[in-house]
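Reading through the structure tokens given below for one structure.
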Amino acid sequence: MIPGPPGQYPGGVDTVFSAELWEWRGPAPFYWLTVPEDSCDQVRGEAAEASYGWGAVPVRVQLGGTEWETSLLPKDGGYVLPVKAAVRARESFGKGDTVTVTMTVAPRGGREANGSGPAR
């Protein structure tokens, strides 16, 4: 589970959504989940306080039994959630699979200095 009770962060947002994993083939491939519009609306309400630049919004995420910290990135008026290779391998899913995510906006103060956070 996401550590602590829901809303443990000042103004925290808790949301659960399902989305299909897709691949962006750039210089290095990345895998993403598109955050649904209703969840984006919740995130936008916290983005000004939590964002640390370029519209990136730090979040704590749980997918299956794996938890990690990352940042949502803005795309086409919404947000996308990057999904690490370690998470995909641990939870045994890949491109085209639909997965369910629990996500909480995590103000920058709760993250490691390099911004990566642990993948547990």
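The values are calculated or read from the model by the stated rules, or taken from the named source; none is laboratory data. Predicted, not measured: the structure shown is a model, and the values here were computed from it. Reconstructed Cβ throughout: ideal geometry from the backbone, glycine too, with neighbour counts over all protein chains shown.
Residues in region 37-58 that are part of a loop (DSSP other than H, G, I, E, B), surrounded by 12 or more Cβ atoms within 10 Å (Cβ to Cβ) and not aromatic (F, W, Y): how many?
Residues in region 37-58 being part of a loop (DSSP other than H, G, I, E, B), surrounded by 12 or more Cβ atoms within 10 Å (Cβ to Cβ) and not aromatic (F, W, Y): 3 in total.
Considering only residues that are in a loop (DSSP other than H, G, I, E, B), touching a Phe, Trp or Tyr at 6+ places or on another chain (Cβ under 9 Å) and charged (D, E, K, R), look in region 77-110 and name the one that is modelled with the lowest pLDDT.
Ranking the candidates gives K84 first.
Being more than 14 Å from V87 (Cβ to Cβ) and part of a strand (DSSP E or B) is the filter here, so list the residues in region 20-36 that pass it.
The answer is E20, W22, E23, W24, T34.
So which residues in region 59-74 are surrounded by fewer than 18 Cβ atoms within 10 Å (Cβ to Cβ) and under 15 Å from V16 (Cα atoms), if there are any at all?
Matches in region 59-74: G64, G65, T66.
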